[in-house]
1. Can you tell me the length gained on complete extension of the stretch residue 33 to residue 148, counting 0.36 nm per residue apart and subtracting the Cα distance?
2. Sequence-distant or interchain residues sharing an amide H contact under 5 Å with residue 131, placed H: which?
3. So what's the back-of-envelope 222 nm ellipticity for the chain, counting only DSSP H runs of four-plus at -39500 (n - 2.57) apiece and dividing by all residues, rounded to 500?
4. Counting only DSSP beta bridges with both residues in region 13-267, what percent are antiparallel, rounded to the nearest 5?
5. Please give the FRET efficiency for residue 165 paired with residue 96, using the beta carbon to beta carbon distance and R0 = 35 Å, rounded to the nearest 0.05.
6. For residue 216 and residue 175 in the same chain, what is the full-extension length gain: residue separation times 0.36 nm, less their Cα-Cα distance, in nm?
7. Computed FRET efficiency, Cβ-Cβ of residue 10 and residue 239, R0 30 Å: what is it to the nearest 0.05?
8. Could you state the per residue volume, in Å³, of the convex hull enclosing the Cα atoms of region 1-114?
Amino acid sequence: MVAYRLSNGWDGARRRLALLEHQLDPMSQRRLMKLGVGRGWRCLEVGGGGGSVTRWLCGQVGATGHVTATDIDTRFLQEIDEPILVVRRHDILTENLPAAQFDLVHARWLLHHLPQPERVIARLVAALRPGGWLLIEEPDFFPVEASTSQLYIDFMMALTRTILAPSGRDGCWARTLPTLLAELRLSAIGAEGDFTILNGGSPMAEFFQVSAQQMRDEIISSGALNAERFDAAVTLLEDPKFWTFGCACVAVWGRRPTAGWGWDLRDSLVPWSRELALPPLDLRDQT
């Protein structure tokens with residue numbers, strides 16, 4: 001398991017996740033509705049975090065559906081009281097998923113923390129039933145470089161580099177997602193991107209402030225930013241007169257074909273334990 005820098009055990013973690021959910025949930029819900037998520041669907045949320053998408057999926061699929069939510073730290077997912085929900089502690093880097101079980105597999109702001117996203121995506125695809133949909137949403141921080149404030153640019157680059165250091169990744173890779181899905185021969189591949197116009201004092205500005213406060217010691221000790229400039233950047237993000245670009249979000253989706261798929265999934269089709277097994281699934285195309 002890669003050391004995840006933004007631990008959910010930190011005192012401000014719940015606030016940090018709530019701020020991110022406030023920004024991302026409307027876009028995620030719109031995309032999921034576009035894919036047709038509805039009554040009776042079996043859904044898998046990987047890296048469920050604060051649980052807002054998991055709660056929404058439970059409401060969408062209803063009593064005849066099923067939602068499985070996973071994370072390496074499930075403390076916030078365990079708070080959700082839904083009879084159709086199963087919560088499991090799971091490391092997507094080292095542990096496989098139930099094979100060919102889900103109508104939807106969704107992961108948001110997860111892969112940029114991991115060193116082998118291609119392998120993880122293969123696991124996500126292997127969990128899809130024929131006709132099932134995969135939706136991945138990931139940040140790409142390229143708009144930050146266009147800011148008129150060098151202090152803000154330096155602050156954001158220091159923050160992303162420090163957070164992503166254990167994975168060996170950078171914050172500007174999400175643009176490759178459509179190609180990665182195409183190489184796995186999914187059908188009906190689509191993609192879209194959006195970026196945040198960030199205003200000082202806004203929820204997204206506070207999200208970056210809170211994330212940085214969680215990483216303050218590591219950022220300063222790394223030499224990426226000294227304490228004076230760090231504190232000045234945090235103050236800048238509180239200024240309502242400050243406007244700039246936040247990060248972009250790249251969303252990509254694709255569907256597992258119902259027949260004639262040439263990709264060999266045998267390396268990924270390792271089911272979980274009997275405790276995690278779902279009831280038998282009708283694999284006929286329901287769309």
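Read-outs: derived from the displayed coordinates by stated rules, not from any lab. Just so it is clear, the structure is predicted and the values come from calculations on it, not from any experiment. Here the Cβ positions follow ideal geometry from the backbone for every residue, glycine too, while neighbour counts run over all protein chains shown.
1. Result for the pair: 37.7 nm of gain on full extension.
2. Residues meeting the amide H criterion: 256, 258.
3. That comes out to -10000 deg cm²/dmol.
4. 45
5. 0.85
6. Full extension of this stretch gives 11.9 nm more.
7. Step by step, r from the Cβ atoms, then E = 0.75.
8. Convex hull of Cα atoms, per residue: 101 Å³.
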